[in-house]
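The structure appears below as structure tokens.
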Amino acid sequence: MQERFETFTVLINRISRNIRKIKNQEMAEYNLRSAHVSCIYYIYTLGGATATDLCERCEEDKATISRALDYLDESGYINRERDSVKRYKTPILLTEKGVEVGKKIADKINNLLDRVSDGLTEKQRVDFYRSLSVISDCLEKFVI
């Protein structure tokens, strides 16, 4: 039982750490970090988003998303309405610079997903994601 726990937690942590490292390495030329990459990716693929949307999609807290959006705004990647009273409900769109980087991010993600799925059949991939979803949902029940 202990070996099963160690294998599970070590592999999940290794995957998460490698994803974060890849995001940081691939986007270093743009001075973007992992949270920035996720925000741009979701704004790009959704055609716009709110901070609330990004918290849910990125599985990050409000403070992390807020800091990421402030950086992206200051760096010219996004546009936000300034008049909105509810900042987390304000629509966020990519600038031309943001769209250019968003396309590069989406292309890199798609390429990476294709490469890491090379050793899996389509059925194995679907089963794997289904299994991860079941595990995630079960773990969610234990979080207060």
> What pairs come up if the first residue lies in the range 106-127 and is under 23 Å from Glu26 (Cα atoms), the second is modelled with pLDDT of 90 or more and among the aromatic types (Phe, Trp, Tyr), and their beta carbons are under 7 Å apart, counting only those six or more places apart or on different chains?
Replying inline: Ala106/Tyr41; Ala106/Tyr44; Ile109/Tyr41
> How many residues are in a loop (DSSP other than H, G, I, E, B) and either surrounded by 15 or more Cβ atoms within 10 Å (Cβ to Cβ) or in contact with a Lys or Arg (Cβ under 6 Å, 6 or more places away or on another chain) (or both) if we restrict to the range 29-82?
Replying inline: 7
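This table checks each residue for (1) under 20 Å from the mean Cα position of the chain (by Cα); (2) aromatic (Phe, Trp, Tyr); (3) loosely packed, with under 14 Cβ neighbours inside 10 Å; (4) assigned to a helix (DSSP H, G or I).
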site: Val101; (1), (2), (3), (4): yes, no, no, yes
site: Ala106; (1), (2), (3), (4): yes, no, no, yes
site: Asn110; (1), (2), (3), (4): yes, no, yes, yes
site: Leu113; (1), (2), (3), (4): yes, no, yes, yes
site: Leu120; (1), (2), (3), (4): no, no, yes, no
site: Gln124; (1), (2), (3), (4): no, no, yes, yes
site: Arg130; (1), (2), (3), (4): yes, no, yes, yes
site: Ile135; (1), (2), (3), (4): yes, no, yes, yes
site: Val143; (1), (2), (3), (4): no, no, yes, no
>> Which of the numbered conditions does Val10 fail, given that it passes all the others? Conditions: (1) in contact (Cβ under 8 Å) with a residue 40 or more places away in the chain; (2) among the hydrophobic types (A, V, I, L, M, F, W, C); (3) in a helix (DSSP H, G or I).
In response: (1)
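Results for (1) within 26 Å of Thr52 (Cα to Cα); (2) at pLDDT 90 or above; (3) of a type in the set (Asp, Glu), shown as yes or no for each residue.
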site: Ile78; (1), (2), (3): yes, yes, no
site: Asp83; (1), (2), (3): yes, no, yes
site: Tyr88; (1), (2), (3): yes, no, no
site: Glu100; (1), (2), (3): yes, yes, yes
site: Asp107; (1), (2), (3): yes, yes, yes
site: Thr121; (1), (2), (3): no, yes, no
site: Gln124; (1), (2), (3): no, yes, no
site: Val134; (1), (2), (3): yes, yes, no
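The values are calculated or read from the model by the stated rules, or taken from the named source; none is laboratory data. Everything quoted here is computed from the prediction, not taken from an experiment. Because the Cβ atoms are built from the backbone with ideal geometry, glycine has one as well, and the counts that use them run over all protein chains shown.
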